[in-house]
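A.B. asks: One structure, pasted below without further comment.
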Amino acid sequence: MGSKAIFIYSKATGPKSSFHHVKKIIDELSSFYGDLTIRETSGPDDFLSSCVEAASFDEVILYGGDGSFNILCHELSKLDNPPVIGYINGGTLNDCGKPFGIKGSYKNALRIIESKKVSSFDLIKIGDRHFTYMAACGAFSDISYAASRNTKKRIGKLGYYLLAVKKAFKKTRIEVEVDGKKYVTPFLLIMNGDYVGGFHVNKGASNDDGQIEIYIAKPGLFNGLVQYAFRKKKITKLQGEAFRIDFDGPWCIDGEKGPEGPVDVVIEGKLRVYSK
C-alpha cells in the first residue's frame with residue numbers, strides 16, 4: 001500500500017495481559033503497510049512526542065486505552081489535515097472504540113484497519129481540552145483515574161467496579177448550572193459515544209450527528225445509579241450543539257482527569273477513524 005503509517009503503543013496502560021500480542025500486531029501491520037514506523041513509548045512525555053510526530057503520517061495506528069486515544073485525538077485536533085486513526089483496543093474498559101465496532105480481541109481491530117472503511121466522529125472541546133466519548137463531574141467521575149495502574153493491571157475492570165461500589169454509598173450532591181439553569185445532582189454525564197464504564201448508556205446515539213447529549217441524574221439511591229438502570233424518568237436529558245456549564249470541581253474526560261471549573265462544551269471539528 002502507498003500509505004505511510006506510524007504504530008504507537010505504550011505498555012503503561014491496560015491490564016497486564018494486554019500487550020502480550022504486540023509482536024503479532026506488528027507482524028500483521030507490516031504485512032499490509034509497506035512503510036511502517038514503530039514507536040514504543042515508556043511514559044507520558046514519550047507518548048505525547050510520538051502523537052505529535054504522527055502529524056507527518058497518512059495514518060496513525062494506536063494500541064492503547066481510552067486515555068491514550070484521548071491524548072492522540074487532542075494532538076490531532078491541532079492539524080489542518082490530520083491522519084486517519086486506526087485503533088487497537090488495549091485498555092481496561094475500551095469504551096472509546098465501541099462506537100466504531102472495535103470490541104473484543106486485537107484481531108477484530110486489525111481486520112477493521114485492514115478493511116480501510118473510514119468513518120468520522122465529532123470531536124468535542126471542553127474548556128481547553130477535547131474529549132471523544134464522555135465527560136463527567138460529581139460522584140463516580142474520578143473512578144477511572146483514581147484506580148491505580150497496578151490495580152488495573154492486576155484485576156482489570158474489577159478495580160473500577162470496586163471503587164464504584166464505595167462511591168455509591170457515599171452521598172454526593174453537586175450544584176451545576178447548564179446554560180443558566182441550575183441543577184442539584186450527584187452526577188452529570190456528557191456523552192458523544194454509546195458506552196461509559198463498560199455499560200451501554202447512550203443507546204441509539206450517533207457520535208457523528210453534530211449533537212451532544214447531557215444526562216443529569218436527580219439525587220437518589222446509590223447516587224443516582226438506579227435512575228440510569230431502572231428509573232430513567234428521574235434523569236434530565238439535554239441535547240444540543242454547545243453548552244455552558246458552571247461547576248467548581250474537576251472534570252473527567254475520556255477516563256482521565258480533565259479541566260477544573262466552569263467550561264464551554266462545543267463540537268470542534270471531526271476526526272477520521274477506521275470502523276466496522
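The values are calculated or read from the model by the stated rules, or taken from the named source; none is laboratory data. Source: prediction; values computed, not measured. Every residue, glycine as well, gets a Cβ built from its backbone with ideal geometry; the counts of neighbours run over all protein chains shown. SASA here: full protein model, heavy atoms, side chains in, ligands and nucleic acids out. Shrake-Rupley method; radii C 1.70, N 1.55, O 1.52, S 1.80 Å.
A.B. asks: If 201, 118 are ordered by their accessible area, calculated over protein heavy atoms with a 1.4 Å probe, which sequence runs from highest to lowest?
C.D. replies: Largest accessible area first, the residues go 118, 201.
A.B. asks: For segment 259-276, take each phi angle, set θ = phi - 60°, evaluate the Karplus expression 6.51 cos²θ - 1.76 cosθ + 1.60, and give the result in whole Hz per residue in order, putting x for glycine and proline.
C.D. replies: x, 10, x, x, 9, 9, 10, 8, 6, 10, x, 9, 10, 10, 9, 6, 9, 6
A.B. asks: Here's a follow-up. Amide H of residue 211: which non-local residues (sequence gap of 5 or more, or other chain) have their own amide H closer than 5 Å, using H built in the peptide plane?
C.D. replies: none
A.B. asks: Relative to the present Cα-Cα distance, how much length would full extension add between residue 276 and residue 27 at 0.36 nm per residue of separation? Mind dumping the intermediate values first?
C.D. replies: On the way: separation 249, 0.36 × 249 = 89.64 nm, distance 2.17 nm.
Full-extension gain reported as 87.5 nm.
A.B. asks: Whole-Hz ³J(HN,Hα) for each residue in segment 55-65, computed from phi via Karplus 6.51 cos²θ - 1.76 cosθ + 1.60 with θ = phi - 60°, x for glycine and proline: what do you get?
C.D. replies: 4, 8, 10, 6, 9, 10, 9, 10, 10, x, x
A.B. asks: A further question follows. Treat each spin label as a single point 7 Å out from the Cα along the C-beta direction, and report the residue 77 to residue 208 distance in nm.
C.D. replies: 2.0 nm
A.B. asks: OK, next. Place a point 7 Å from Cα of residue 181 in the direction of its Cβ. Which residues in segment 234-252 have their backbone N less than 20 Å from it?
C.D. replies: 234-248
A.B. asks: Separate question: If I model a spin label at residue 58 and residue 111 as a point 7 Å from the Cα along the Cα→Cβ vector, what separation in nanometres do I get?
C.D. replies: 2.5 nm
A.B. asks: If you don't mind, there's one more thing I want to ask. To the nearest 0.05, how large is the calculated FRET efficiency for residue 118 and residue 20 if R₀ is 41 Å and r is the Cβ-Cβ distance? Each step should come with its number before you reach the end.
C.D. replies: Details: r = 29 Å, r/R0 = 0.71.
Here the calculated transfer efficiency is 0.90.
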